[in-house]
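Below you'll find the structure, written out as structure tokens, and then a few comments.
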Amino acid sequence: MSDTLGMTREQTKFLRAFRKHPLGPPPDAWPSPCVFRRWLRRAAFRSALKSLRDALRFQSDLHLAGAAASAAHVLQATLVPAPADPAAAAESRAMFGGLIQLVKLSHARERTAPTNEPPRPPASIRTEVMIEILRGFHPKCDVGTLIQVLEKQLRKGAPAGAPPVQDR
């Protein structure tokens with residue numbers, strides 16, 4: 001089993017356990033809280049967990065939407081007068097109450113769920129400054145030289161928007 005870049009073999013095995021157990025690995029496959037806390041220090045592991053959480057959240061949203069649609073269909077199909085028998089009426093009220101709760105839960109989740117589109121980052125002033133600096137270079141300047149000059153400027157602590165250093 002190859003390790004994922006930036007993660008240990010044990011972290012990789014833990015994440016792959018979700019493939020065999022879609023509802024989560026069994027308790028004996030989980031690391032201790034101390035080890036898990038140490039694992040969370042790695043950016044690659046946190047990123048993989050976030051991706052896994054997003055996939056599980058999407059899956060649960062899909063299941064909830066399907067169940068709510070089915071519940072709404074059952075409610076719509078059974079819009080008939082209540083049964084005369086009190087026991088049957090109580091049973092249908094309990095069933096309808098559960099179906100209605102499911103539809104309400106789905107609507108609440110839709111209202112509070114984040115959108116699937118990632119938020120667009122605002123136009124950065126730093127990006128605009130960087131573009132202005134790059135415009136100060138000759139169009140035939142190669143990328144290597146450009147990067148070296150920009151790194152020199154950053155090391156010197158030149159203020160943002162300062163004209164680029166043109167030493168060669």
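The values are calculated or read from the model by the stated rules, or taken from the named source; none is laboratory data. Computed from a predicted model, the values in this text were never measured in an experiment. When we count neighbours, we look across all protein chains shown, and the Cβ atoms used for this are built from the backbone with ideal geometry, even at glycine.
Regarding region 84-99, can at least one residue be identified that is of a type outside the set (Asp, Glu), within 28 Å of the chain's Cα centre (by Cα) and surrounded by 11 or more Cβ atoms within 10 Å (Cβ to Cβ)? Spell out the reasoning first.
Initially, region 84-99 is screened for residues of a type outside the set (Asp, Glu), giving 84, 86-90, 92-99.
With the extra rule that they be within 28 Å of the chain's Cα centre (by Cα), the set shrinks to none.
No, there is no match, as no residue in region 84-99 is of a type outside the set (Asp, Glu), within 28 Å of the chain's Cα centre (by Cα) and surrounded by 11 or more Cβ atoms within 10 Å (Cβ to Cβ).
Out of LEU64, LEU49, LEU15, LEU56, I need the residue that is touching a Lys or Arg at 6+ places or on another chain (Cβ under 8 Å), assigned to a helix (DSSP H, G or I) and modelled with pLDDT of 80 or more. Which one?
Values: LEU49 fails: touching a Lys or Arg at 6+ places or on another chain (Cβ under 8 Å); LEU15 fails: touching a Lys or Arg at 6+ places or on another chain (Cβ under 8 Å); LEU56 fails: touching a Lys or Arg at 6+ places or on another chain (Cβ under 8 Å).
Answer to the check: LEU64.
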